[in-house]
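In what follows, a single structure is set out as structure tokens and then discussed.
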Amino acid sequence: MRQIGIGLAGLGTVGAGVYKHVAQNRALLMERIGVELVVRRAVVRDPSKARVAGPSREQLSTRWQDLIDDPAIDIVVELMGGIDEPLALIRAAVTAGKVVVTGNKALLAEHGQEIFALAAEKRVPVFFEASTAGGIPIIKTIREALIANHIVSIHGIINGTSNYILTRMTDARLDFAEALAEAQAQGYAEADPTLDINGWDAAHKAVILASLAYGFWVGTDQIFVEGIDRLTATDIRFADELGYRVKLLAIIKADAAGPDGTAGSGGIEVRVHPTLIPKHHVLASVSGVFNAVRVCGDVVGETLFYGRGAGQDPTASAVISDLAEAAISLGGARGSYGFTPHGLYGNCRPLEDIRSRYYLRLAVDDKPGVLGQVASILGRHDVGISSVVQPETHDEAGRAQLVLMLDRASHRQMQSALEDILRLSAVMPPPALLRVESFTT
Ligand SMILES: NC(=O)c1ccc[n+]([C@@H]2O[C@H](COP(=O)([O-])OP(=O)(O)OC[C@H]3O[C@@H](n4cnc5c(N)ncnc54)[C@H](OP(=O)(O)O)[C@@H]3O)[C@@H](O)[C@H]2O)c1
């Protein structure tokens with residue numbers, strides 16, 4: 001199978017994750033894209049550092065120029081962070097005809113216009129899924145899946161650190177300093193959390209989303225940015241009593257012509273600031289370090305995306321999706337025909353073996369001992385009971401309702417237990433049996 005050579009600039013949190021998952025999911029990626037992704041070299045500041053994942057010491061270098069000079073490297077992945085060195089690297093890579101993948105939101109927000117002008121001139125793509133909202137595939141969604149749409153608006157909770165702090169200020173009634181200290185202790189905030197709490201990390205991502213949605217690079221001086229650093233616990237509590245959650249929200253909107261014929265300015269607005277959201281709105285329930293992005297398109301209507309906005313594995317997932325696209329852009333890799341068949345998973349498991357939790361409601365005679373009989377049958381079939389509810393009310397026939405929440409059991413176990421239960425004279429069919437999804441896997 002043809003190999004595509006990758007040069008990793010940066011082997012830190014994200015770079016090491018990319019290395020690890022390209023290796024772990026090698027067979028799956030080969031089946032899906034039809035080429036083998038091979039990391040040939042990585043660039044770091046300190047090659048002597050102990051690393052959890054990465055290529056051999058001989059494949060490490062401290063000069064990003066080595067990635068440009070290596071003819072076996074087709075794709076350069078910039079995961080160093082910072083501005084000047086990554087910008088020089090990307091300029092050199094694109095000029096040398098090497099496809100670029102980057103997760104650098106600050107760089108794109110500041111220099112996106114220049115980078116993409118060069119990419120267009122040299123006809124060399126630059127992919128950037130990991131730059132915004134971590135593992136949520138929002139870049140490809142806006143670029144590809146929503147291609148039919150004028151984007152009406154985007155609302156995003158796109159900074160996990162500030163969302164964690166706000167969640168703790170709301171739920172545990174901490175003040176800002178306490179919540180920040182907790183976020184740092186949990187590893188959710190950098191030692192220097194400035195860009196997270198002053199709103200600029202979210203603002204960089206908002207610039208990228210707005211630019212992608214509206215087709216021009218929005219200047220960082222054209223947007224309104226206010227962080228959460230001056231928010232007080234008192235305001236969060238009052239907002240709460242009024243029925244609102246406070247979120248650091250990125251708001252991107254087009255002032256388009258209205259359906260009633262009113263003329264829009266044709267301009268867009270891009271803002272990031274603490275915002276009260278009604279508690280019943282789905283974005284209000286996005287808690288902790290999670291991100292969510294709501295995109296409204298004129299054709300599709302409202303859509304919502306939710307997931308981890310940072311961290312090694314979710315961000316690596318986004319980078320590797322760009323690697324696949326980069327490989328396809330190089331030719332030779334298999335693009336999608338809509339469905340790519342492969343046999344890596346074998347067959348479906350038989351229904352009888354599938355395990356889940358259950359909700360079981362039985363109509364029973366209102367007399368002592370029935371619960372004991374049902375429980376003993378379930379016990380014989382090795383089905384645990386996690387809780388029992390017996391509402392006071394009776395049905396029209398005067399029967400009592402017995403509601404049992406059952407532990408995980410296979411379909412086979414459950415069916416045979418139920419057959420035995422229905423043989424009890426005190427139980428009237430039909431029973432109600434529903435599966436309960438705990439989202440543990
Ligand atoms: N972390 C996340 O969750 C996340 C999420 C989305 C996007 N991003 C973006 O992804 C990028 C990387 O983030 P990260 O968290 O992985 O950073 P990181 O852990 O600090 O890793 C940076 C890596 O780049 C190397 N490096 C830095 N400057 C260098 C230079 N001048 N020359 C050679 N190597 C250099 C470092 O080498 P040493 O290992 O020797 O120090 C390290 O391996 C950033 O642009 C960040 O904004 C990160």
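Read the figures in this text as sums done on the coordinates, not as results from a lab. These figures come from a predicted structure and were not determined experimentally. So basically every Cβ, Gly included, is an ideal-geometry build from the backbone, and we count neighbours across all protein chains shown.
When you count, for each residue, the other Cβ atoms within 10 Å and take the mean per peptide, how do 282-288, 350-356, 293-299 rank with the highest first? Can you show the working numbers first?
Details: 282-288: 16.7, 350-356: 11.7, 293-299: 19.0.
Ranked from most to least packed, the peptides come out as 293-299, 282-288, 350-356.
Using 7 Å Cα-to-Cβ label points, what is the Asn347/Ser48 separation (nm, one decimal)?
The answer from the label model is 5.8 nm.
For the chain, what is the mean residue ellipticity at 222 nm derived from helices alone (per DSSP H run of n ≥ 4: -39500 (n - 2.57); sum divided by total residues; nearest 500 deg cm²/dmol)?
When only DSSP H runs of four or more count, the value is -10000 deg cm²/dmol.
Please state the relative contact order of the chain as a whole percent: Cα pairs under 8 Å, 6+ residues apart?
Here the relative contact order equals 16 percent.
So if the hydrodynamic radius of the stretch 145-308 is defined as the Kirkwood radius over C-alpha pairs, what does Stokes-Einstein give as its diffusion coefficient at 20 °C and 1.002 mPa s, in µm² per second? Display every interim value, and only then the final one.
Details: Rh = 16.4 Å.
The diffusion coefficient I find is 131 µm²/s.
If I model a spin label at Leu434 and Asp255 as a point 7 Å from the Cα along the Cα→Cβ vector, what separation in nanometres do I get?
Roughly 4.8 nm, to one decimal.
What does the extension gain come out to for Asp313 and Val299, with contour length at 0.36 nm per residue minus their alpha carbon separation?
1.7 nm
Say R0 is 41 Å: what FRET efficiency, to the nearest 0.05, do Ala96 and Ala191 get from their beta-carbon distance?
That pair, Ala96 with Ala191, gives E of 0.70.
How fast does the stretch 351-436 diffuse by Stokes-Einstein, in µm²/s, taking the Kirkwood radius from C-alpha pairs at 20 °C and 1.002 mPa s? List each step's numbers first, then the result.
Values: Rh = 12.9 Å.
The Stokes-Einstein estimate is 166 µm²/s.
Multiplying the sequence separation of Gln373 and Thr220 by 0.36 nm and subtracting their Cα-Cα distance, what value in nm do you get?
Numbers: separation 153, 0.36 × 153 = 55.08 nm, distance 6.95 nm.
Result: 48.1 nm gained on full extension.
Tell me, what is the FRET efficiency for Asp84 and Ala397 to the nearest 0.05, using R0 = 56 angstrom and their Cβ-Cβ distance as r? Mind dumping the intermediate values first?
Values: r = 79 Å, r/R0 = 1.41.
It comes to 0.10.
Rg to Rh for the chain: what is it, with Cα atoms only and Rh by Kirkwood?
In the chain, Rg relative to Rh is 1.07.
Assuming 0.36 nm per residue, please report the length gained on full extension of the stretch Asp365 to Ser425 beyond their Cα-Cα distance.
Once the chain is fully extended between Asp365 and Ser425, it gains 20.7 nm.
Run down the lysines and flag those whose C-alpha is under 23 Å from the C-alpha of Lys49, throwing out any fewer than 8 positions away in its chain.
Lys20
Taking 60 Å as R0, compute the FRET efficiency from the Cβ-Cβ separation of His411 and Glu114 and round it to 0.05.
For His411 and Glu114, the calculated efficiency is 0.55.
Could I get the Rg over Rh figure for the stretch 3-134? Both from C-alpha atoms, Rh via Kirkwood, rounded to two places.
On the way: Rg = 14.1 Å, Rh = 14.9 Å.
Here Rg/Rh amounts to 0.94.
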